[in-house]
Every structure is written in C-alpha cells, then in structure tokens.
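Beneath this line is the structure, given in structure tokens, with notes to follow.
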Amino acid sequence: MADSLRDRIQKFILENYLFTSDTSALGLDDSLLGRGIVDSTGMLEIIMFIEEQIGVTVKDEEMVPENLDSVSRIVAFVESKRKVA
Amino acid sequence: MPASLVDLLLTAVARDPGKVALRRKRSTWSYGDLVRGAATAAERLRRAGLEPGDRVGLLFRNCPEYVALLYGALSARLAVVPLNVQERASVLVVQIEHGGARMVVGDPDHPEWAALKAALQPDVGALEVTAVDDDASVETFMQSVGASPGQALESPAVARDDMAILLYTSGTTGRPKGVMLSHGNLVANNVTIIDYLGLVPDDVGLTVMPFHFSYGNSVLHTHLGAGATLLLEDNLAYPLIVMQRLQNERVTGFSGVPSTFAILMSRARIDEFDLGAMRYLTQAGGAMTRAAIQRMRELVPSARFFVMYGQTEATARLTYLPPERLDEKLGSIGKPLDGIEIEVRDLDGRVLPPGQTGELCARGPNIMLGYWRDEEATRAAVVDGWLRTGDLAHTDEDGFLYIDGRVVEMIKVGSFRVSPLEVEEVLATLPGIAEMAVASMPDELLGQAVKAVLVLRDGATLDEREVKAHCRVRLAAYKVPKVVEFARELPRTSSGKIQRFKLS
C-alpha cells in the first residue's frame, strides 16, 4: 500500500518535473523546493495531483513543508489523512 | 541626489543602526549588521584582486548574505551580476563569461552551484558563502567571507553613468542580453518609488520575488533606501507561511505579480488573517484582471493598491496608477513617474494622439546604459535617449496609459520574460527535428506558458517527455515547454516567416 502510493507520487514528480522514469533522479527525502525540482506553481500542481488522483483533500493550512517537501513527507501526510478518514 | 545606493544605505544606518533591515526565518540583520557585513564583503572582494569596474556574479536565494555582498561590491566600485536562482548552470556560465565576471560568489547549498563552479574558466574565482538561518548569521557571514571586520563601509566615488548592476534578461549560447544599470539609474528610480509609495522607516515589507528579477531588486533597494524593514521569502510554494508572516510581523507592504495574488486568493484564505497593518500592495509584471484587483482590494481594505508598469531596461519602474484613480481608470498602468517622459509612437517614430495604439517609448534618468557588449541591440532599443519598450500602448484623453500588447515576440510566464528564440536554440540541439517554433499559450495561473511545435525529420521519433527532459537540463523550469505538439508543417507567411501567433 505504502509502496504503491510512494511509487505513484515519485512517478508523478519524475515524469512532470524531471521528465524521466529513472527513480535514481529523485531521492525519497530530497527537498522538492531546495533542489529546485518544483516552484510555487509546481507545488500547486502536486496538490492537485494529491486531491484529484489520490483522492485526499489538502486543506490550505496543510500546505506546509512538513507535509509536502519530499516524496516521503507526502506519503506520510497522505497516509495520516487516510487514517483519520 | 545621492551618488549610489550605498549612500542611501549609509543614511539609513546613521539614522538608526539598531533598526531591523532584513529578516529571513530566524536570521535578523539590523542596519548596523548589514553595513558591517557589506564592509567585510568589500574588503574581501578587494583582497581577491578585484578592481573598480570589474564584475562579480552572485548566486543566492533571497537572503541577507546576498544583500551584504551586493552593497559591499558596490562600495568597492564593482558591478554586480545577480544570477537567476532558477536557471541551470549551463546558462549561468554563459552569462558569467559574457559578462566577463572575474569572480562568482554563491551558496554551496544551491542545487546548481557545484556544476557552475566546475564549469567556470580557471581565471574566474569562486567563493562559497553559506546562507545561514540563525541568530548569529552576521558573524557567521563575516567568518565565511574570511575578511576582518571593523572597517567602515565606504561611500564609493562613482560617476552617475558607472555601471552598478548587470542584469541578464535572457542568456543563451546565441545572444545573452545583459542590461547595464548605472548607479544613477538605480538611485533615480529608487528615490522616485520611495516617494510615491510613501515608504518610511516604520514600514515593514515582505518580498517573495527573487532579487535577480528587476522588480525584486527594486523592492529590496527601495525598502533599504527608506530605512524600512524587509522580510525575505523565496517563493509562494507554501502560501500559509507567507500569510502568517504578513499577519504576525505586522507587514505594511507587499508586492507581487499577478500570479502571486492569484495564488494567495486561491489557496491562502486571506480573509481569515488580520492584515490590518497593511498600508500598500503593489502589482507589476504584467496585466492583472480587473476582477482580481477588485477582489484583492476587498480582501485587504486597509491597503492602497498600486498598479505599476516598467521594465528591466528602465531599472524597474516607468509608470504607476495613483490608487485614488484606480476605480476611475481601472485597466490603466497610470502615468509616468516624476522625471520620466513617455510617448506613444508609430512605426516611423511619430508621436500618436490619444486613443491610437503605438509603441510605448520612455526617456528619463532610469533608462539603462545599454546592453552589455551588444551595441547593435543597444542601438535598436535606445534611440536618442528614448527606450523603445516593445510594448504597444495608447493613452486616453487624460494622459493615462493602457497596454495593448507586445511589438516583439516574447512570452511572459508569470512575470518572467522568455524569448522563443532561447527555447528554440535548445530544441535545435535535439536530433531528429526538421524545424520547430516556440510560441505562447494561455495559462490560467501564469497568464502565459511556453508551447513548442515540432516537425520531425522523416523516420525520426521523439516523444513529448524526451523533448521536455532535453529542455529541463538546459533551461530554467519556467522556460520548459508546457505543451509539445508535433506537426507536419509550420504555418508561414507568403515570405516564409513562421506565424507564431497561429501556434498559440
């Protein structure tokens, strides 16, 4: 479950911002902003992906680096939201 | 009028050295700190053998360290080349070589720093200064640059027309465009903007715009010139963090481009925050819809809303619309700033009457010296002291200006200019392409995005992802085509010229 979620998120970022399927190009703990992988609009697109493709609503107050700044953090955030739901 | 931005800073520090100048996360620099940091930077750059007139590149996200290095360099009578933090090393190195920078100072944590450092010519020095995020950041900075503190920051003995900042608006292997801004340009524009915004030492601004961008550069220097406080952010990826700072740090002024306000209005629940201290909002960098302006005014009723217009080639600002005329003249970019003349001219250079659309041309003390090492481009852009902006505009009967479009083909993503030729040059290095054209496409958030249309050679295969990946390693993310289409041929005029507008 976690692995497939992680794979989906990693794949989305790889394909849309690094344009590759090579998973070595994006470490699970790499900072998406710090490494310059996404900018402000990219982050909005990731949130749309989480909401529309994964089916988890991201509240405005949840848009913080602790939840979104790496693949691992996004996975942990989505899983915690699913548990609550 | 002061001779340089350094003189404005020295006036501010003399007024109140303990006043907070810059704050980034947990790092707070007073004016006294900033001046000490700048003096240390000046000493270090001189000791590296840099001489008046030399260029020094700076690669930093928005941070106090960058500001200290910039003012230090100006004090040492060097010209600063602020490097685009979103750009790739391969492009930056072209700009550094074109600009003839003798040294580059950068944050080793920047993702492109290692590649940039490795690509520099052996005679270009590289100095690493880490932007730190703690209470002792000034001392850390001074240790990091490795010069002895204590000497005072000197007012530079510069002439009005000495170059202070070299800002690259595009940088390709073909033709990098470096805008030469003089000390006189920067001071003149700064003083005028401080005046019409009414900036005072009690103001607290917050910027999310990068300092290599002329608007961000202007927000920085106007706040320091006024002796105000500027809070630094890099981006709007986390709108809530910005909103919390606006509220909790009682920010009085906030500047943005249309997409800045669009993001805040869509994801930040502005009405739930207390922004009662907000005195002004400024908007430039492209047209913002009337509905969006009205909505921002409703959400932040305490703020006067300034619509402004300008260009890097004019240092930053050429016109503004006085907030009290906003309802009456919504859609206008206002009137010229004090000391600036603007004319709307036809293709033959004749001044047009109100209501007729022509090219917006401007003259004043803020117009650039020219493009660095490109006399041909300079002659085309500045004619008899008048800057040809490339923007189409008209005036109304009251002399208010309205933008109608662009003369030259330039894509505006967010507020960053993207030259179609720059993207085409990168695409041309992909094998299998017979011909291609790059054009703009509408984008809901950013106004425009980049679109590429490719005609492949017989037998060649390429897919959209390969094309984007090729661009991504060679261009800043915002320049990478959002859409790549494949076509059998490109639309052309009878003379064979590609009709980009038909691709949009």
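A few notes on this one:
- Residue among B:Ala21, B:Ala12, B:Ala48, B:Ala41 that alone is over 25 Å from B:Gly146 (Cβ atoms) and among the small types (Gly, Ala, Ser): B:Ala12
- Residue check, B:Asp33 at negative phi, crowded, with 20+ Cβ neighbours inside 10 Å, in contact with a strand residue (DSSP E or B) (Cβ under 9 Å, 6 or more places away or on another chain) and acidic (Asp, Glu): yes
- Residues that are more than 8 Å from chain A (Cβ to nearest Cβ) and of a type in the set (Ser, Thr, Tyr) were ranked within the range B:465-496; the one that is nearest to the chain's Cα centre (by Cα) is B:Thr493.
- Of the helices (runs of 4 or more DSSP H) entirely within the range A:1-81, those holding at least 3 residues that are more than 8 Å from chain B (Cβ to nearest Cβ) and without any contact (Cβ under 8 Å) to a residue 24 or more places away in the chain occupy A:2-13, A:40-52.
- Note on the range B:143-161: residues that are buried (at least 20 other Cβ atoms within 10 Å of the Cβ) and within 27 Å of the chain's Cα centre (by Cα) amount to 4.
- Yes/no for B:Val93 being touching a residue at least 60 places away in the same chain (Cβ under 8 Å) and buried (at least 17 other Cβ atoms within 10 Å of the Cβ): no
- Selection status of B:Gln311, of a type outside the set (Gly, Ala, Ser) and surrounded by 23 or more Cβ atoms within 10 Å (Cβ to Cβ): yes
- B:Gly414 vs. criteria surrounded by fewer than 22 Cβ atoms within 10 Å (Cβ to Cβ) and in contact (Cβ under 8 Å) with a residue 24 or more places away in the chain: no
- Counted as qualifying within the range B:203-313 are the helices (runs of 4 or more DSSP H) with 3 or more residues that are within 14 Å of chain A (Cβ to nearest Cβ), namely B:239-248, B:258-267.
Since every read-out is calculated from the coordinates, none of them should be taken as a lab result. As the structure is a prediction and not an experimental result, all values here were calculated from the model. Cβ: placed from backbone, ideal geometry, glycine included. Neighbour counts: every protein chain shown.
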